[in-house]
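Since the structure comes first, as structure tokens, the remarks are kept for the end.
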Amino acid sequence: MSAPHPALARAQDFCARYGLRLPILLAPMAGACPPSLSIAVAEAGGLGACGALLMPPAAILAWAAEVRAGTRGPFQLNLWIPDPPPRRDPEHEARLRGFLGGFGPAVPPEAGDAAPPDFAAQCEAFLEAAPPIVSSVMGLYPPEFVARLKHRGIAWWANVSTVAEALAAEAAGADAVVVQGAEAGGHRGCFEAGSAEAGMVGTMALVPAVADAVRIPVVATGGIAEARGAAAALLLGASAVQIGTGFLRSPEARLSPAWAEGLARARPEDTRVARVFSGRAGRSLATAYVAAATAPDAPAPAPYPVQRALTQAMREAATREGDLARMQAWAGQAAGFARAEPAGRVVAEIWEGMRALLR
């Protein structure tokens, strides 16, 4: 029997290290990772994931317990590294509230005061949940938390968007880097919030550059939703692929039907990176709200997390009403490849396609 393709051999080594059958990972998408989706991906041989940014400790522990009740497969828990406190501008926020009121319910003056859950408490919940893998985005975990992870045998993967960030993550003790190309849906995982748009490097260029620069495994993410992209990522030096948008049309994702239908129609040019939902740069479908909020005469977004708090009422109303025009419809540039099939079938089809292409 001939030896496996070197790219597949590298992926097999990675899978053996992390208890996976297949090198296909669910992306940890905050607000879009119900336990049902992770259970389905893990049962198919991949890795489940939870983007815990918006979750208090009790919710994190409940999520982990529900996933463990549904599968013996592994999963990762992910957190954003907090930004410095935002600079507030009451007059500008008043203009934003007036603008946003045209797209949804009136926004009260105190809306922008909402803050994310306590980061330190979330970290403690991660240690208590004790997943096999904890990942970071928007920066690096503090050294003392990394040491506690290592002491408990929990691997740390760092999401990076440049070669420089990958080198910094490796130096800080990361066990792997998740290399996010600019094609990715949702937020750009840049260490410096202000540089997200200027540093938009595509997956095709970024993955091999990082693979050549670091000694730790590389996971490729961004613009990968089918077998061709996944096989290409392995050929470029990745040990596994992480997929977000490609799973969102699966029934286990429990996505709003309007959002799911928007993904099905999307071409790569139908997405846009903007700060108009959260104050952080993120790629979504180019909806009517995105177009209006990025127009020259629109008020500039407030910093994160103020903008997210100000848009919350609009986003919630859009979801209730099934109105894609105002919805926070995150979408990567490969959204059109997402299929309305069970997540386990999506995993299997991508893997079989990868194997055929890498024979």
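Against the criterion of being surrounded by 19 or more Cβ atoms within 10 Å (Cβ to Cβ), out of contact with any Gly (no Cβ under 7 Å at 6 or more places or on another chain), closer than 23 Å to Pro117 by Cβ and aromatic (Phe, Trp, Tyr), Phe247 does not qualify. Of the listed requirements (1) under 16 Å from the mean Cα position of the chain (by Cα); (2) small (Gly, Ala, Ser); (3) more than 16 Å from Ala340 (Cα to Cα), Gly246 misses just one: (3).
Candidates in the stretch 1-16 are the residues that are in contact (Cβ under 8 Å) with a residue 60 or more places away in the chain and not in a loop (DSSP other than H, G, I, E, B); of these, the one that is surrounded by the most Cβ atoms within 10 Å (Cβ to Cβ) is Ala11. Scanning the stretch 31-44 for residues that are of a type in the set (Gly, Ala, Ser), farther than 20 Å from Ala184 by Cβ and either buried (at least 21 other Cβ atoms within 10 Å of the Cβ) or under 11 Å from the mean Cα position of the chain (by Cα) (or both) gives Ala40, Ala42, Ala44.
Using the structure shown, decide if Ala220 is closer than 24 Å to Gln333 by Cβ and either among the hydroxyl-bearing types (Ser, Thr, Tyr) or in a strand (DSSP E or B) (or both).
yes
For Pro28, state whether it is buried (at least 22 other Cβ atoms within 10 Å of the Cβ) and under 27 Å from Ser239 (Cα atoms). I'd like the intermediate steps shown before the answer.
Details: buried (at least 22 other Cβ atoms within 10 Å of the Cβ): yes; under 27 Å from Ser239 (Cα atoms): yes.
Against the criterion (buried (at least 22 other Cβ atoms within 10 Å of the Cβ) and under 27 Å from Ser239 (Cα atoms)), Pro28 qualifies.
I'd like the full set of residues that are assigned to a strand (DSSP E or B) and either modelled with pLDDT under 95 or in contact with a Ser or Thr (Cβ under 7 Å, 6 or more places away or on another chain) (or both), limited to the stretch 244-283.
Initial filter on the stretch 244-283 (assigned to a strand (DSSP E or B)): 271-274, 282-283.
Correct list: Thr271, Arg272, Ala274, Arg283.
Matching residues to (1) at negative phi; (2) in contact with a Ser or Thr (Cβ under 6 Å, 6 or more places away or on another chain); (3) modelled with pLDDT under 95; (4) crowded, with 24+ Cβ neighbours inside 10 Å:
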{"position": "Ala292", "(1), (2), (3), (4)": "yes, no, no, no"}
{"position": "Ala298", "(1), (2), (3), (4)": "yes, no, no, no"}
{"position": "Tyr304", "(1), (2), (3), (4)": "yes, yes, no, no"}
{"position": "Gln312", "(1), (2), (3), (4)": "yes, no, no, no"}
{"position": "Ala318", "(1), (2), (3), (4)": "yes, no, no, yes"}
{"position": "Ala329", "(1), (2), (3), (4)": "yes, yes, no, yes"}
{"position": "Ala338", "(1), (2), (3), (4)": "yes, yes, no, yes"}
{"position": "Arg355", "(1), (2), (3), (4)": "yes, no, no, no"}
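Just to be sure, is Gly322 buried (at least 20 other Cβ atoms within 10 Å of the Cβ) and on the phi > 0 side of the Ramachandran plot?
Values: buried (at least 20 other Cβ atoms within 10 Å of the Cβ): no; on the phi > 0 side of the Ramachandran plot: yes.
Judged against the criteria, Gly322 is not a match.
Inside the stretch 113-135, can you point out the residues that are closer than 22 Å to Ala309 by Cα, of a type outside the set (Asp, Glu) and at pLDDT 95 or above?
Taking the stretch 113-135 first, the residues closer than 22 Å to Ala309 by Cα are 113-122.
With of a type outside the set (Asp, Glu) added as a condition, the list becomes 114-117, 119-122.
Correct list: Pro117, Phe119, Ala120, Ala121, Gln122.
Residues that are under 22 Å from Met29 (Cβ atoms), at least 3 per element: which helices (runs of 4 or more DSSP H) completely within the stretch 89-191 meet that? Give the steps one after another, and end with the answer.
Values: elements: 90-101, 119-129, 143-151, 163-171.
Fully inside the stretch 89-191 and qualifying: 119-129, 163-171.
The values are calculated or read from the model by the stated rules, or taken from the named source; none is laboratory data. Because the structure is predicted, anything quoted here is derived from the model rather than measured. FYI the Cβ positions are ideal-geometry reconstructions off the backbone, even for glycines, and counts take in every protein chain you see.
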